[in-house]
Amino acid sequence: LFGGQGNNITKDGHNYENFFNDLYHVKIDISEGKKVTIEWEELFTEGPIPSKRASHACCVYKDRYMFIIAGEGYVEGFEERLNQSTKNKQAAAKGDEEDEEYLCHPKNDVWYYDTVVNKWHKLELQKEAEFSPRFVHKADIFGDFIIVFGGLRNYHNAAGDVSVLSMFGA
């Protein structure tokens with residue numbers, strides 16, 4: 001399980017989404033007596049990790065790689081500005097109506113987590129400009145391809161396109 005969205009945060013009278021970029025795995029044990037035990041464990045990795053996000057797509061390739069595709073989150077550096085002084089926070093939050101497009105920042109990056117070496121890698125897209133930012137979309141594996149469909153480009157603009165990410169050479 002990667003990332004997601006939790007309870008909102010209120011700072012200086014403004015309400016902000018609370019995004020995560022933590023990583024968990026679950027251990028499920030079924031004993032002979034049919035008793036089910038579920039244990040969640042947070043995984044900690046070295047090196048770069050995907051930015052905090054929600055509404056991303058996730059799929060698994062060859063039972064080893066977990067792909068995180070696009071999603072929504074804040075623009076880079078926004079959370080740091082929230083932690084600055086009250087005056088700077090108010091400058092960072094321009095106003096509720098303007099904030100929607102600023103705060104709902106769709107992403108178009110692709111990351112994969114290698115379960116064997118416990119490390120994240122950012123997938124460099126050869127034609128990144130052709131893969132438009134999106135969130136609440138669908139992605140699935142078909143052979144050596146990830147098929148990405150639909151989603152939203154922002155709260156008012158649906159994406160009806162299909163993108164194909166090839167694993168050849170990746």
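The values are calculated or read from the model by the stated rules, or taken from the named source; none is laboratory data. Since the model is a prediction, treat every value here as computed from it, not as a measurement. For neighbour counting, all protein chains shown are included, and Cβ atoms are generated from backbone atoms with ideal geometry for every residue, glycine included. Ligands, DNA and RNA are excluded from the accessible area calculation, which covers all protein heavy atoms including side chains. Shrake-Rupley method; radii C 1.70, N 1.55, O 1.52, S 1.80 Å.
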**Report entry** Filter result for Asp29 (acidic (Asp, Glu) and free of Cβ contacts under 8 Å to residues at least 12 places away in the same chain)
**Finding:** yes
Query raised in the report: When Ile38 is evaluated against the numbered criteria (1) on the phi < 0 side of the Ramachandran plot; (2) open to solvent by less than 70 Å² (accessible area, probe 1.4 Å), which criterion, by number, is the only one it fails?
Result: (2)
Query raised in the report: Name the pairs: first residue in region 3-18 and under 21 Å from Glu41 (Cα atoms) and modelled with pLDDT of 80 or more, second residue open to solvent by less than 60 Å² (accessible area, probe 1.4 Å) and assigned to a loop (DSSP other than H, G, I, E, B), Cβ to Cβ under 7 Å, at least 6 apart or on different chains?
Result: Gly3/His56
Query raised in the report: Restricting attention to region 1-19, which residues are crowded, with 16+ Cβ neighbours inside 10 Å and of a type in the set (Asp, Glu)?
Result: Glu17
Report task. List the number of the failed condition for Glu79; all other conditions in (1) on the phi > 0 side of the Ramachandran plot; (2) at pLDDT below 85 hold. Result -> (1)
**Report entry** Single unsatisfied condition, Val26 versus (1) loosely packed, with under 13 Cβ neighbours inside 10 Å; (2) over 27 Å from Val116 (Cα atoms)
**Finding:** (2)
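Working only within region 123-137, note down all residues that are among the basic types (Lys, Arg) and over 13 Å from the mean Cα position of the chain (by Cα).
We begin by selecting, within region 123-137, every residue among the basic types (Lys, Arg); these are 127, 134.
Within region 123-137, Lys127 is the sole residue that qualifies.
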Report summary line: Checked region 115-152 for anything open to solvent by 70 Å² or more (accessible area, probe 1.4 Å) and either among the charged types (D, E, K, R) or touching a residue at least 24 places away in the same chain (Cβ under 8 Å) (or both); matches are Thr115, Val116, Lys119, Lys122, Glu124, Lys127, Glu128, Glu130, Val136, Lys138, Asp140
Query raised in the report: So how many residues does region 152-168 have that are within 17 Å of Trp111 (Cβ to Cβ) and assigned to a loop (DSSP other than H, G, I, E, B)?
Result: 1
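Could you pull out the residue among Ser31, Ser55 that is open to solvent by 20 Å² or more (accessible area, probe 1.4 Å), modelled with pLDDT of 95 or more and among the small types (Gly, Ala, Ser)?
Testing whether each residue is open to solvent by 20 Å² or more (accessible area, probe 1.4 Å), modelled with pLDDT of 95 or more and among the small types (Gly, Ala, Ser) leaves just Ser55.
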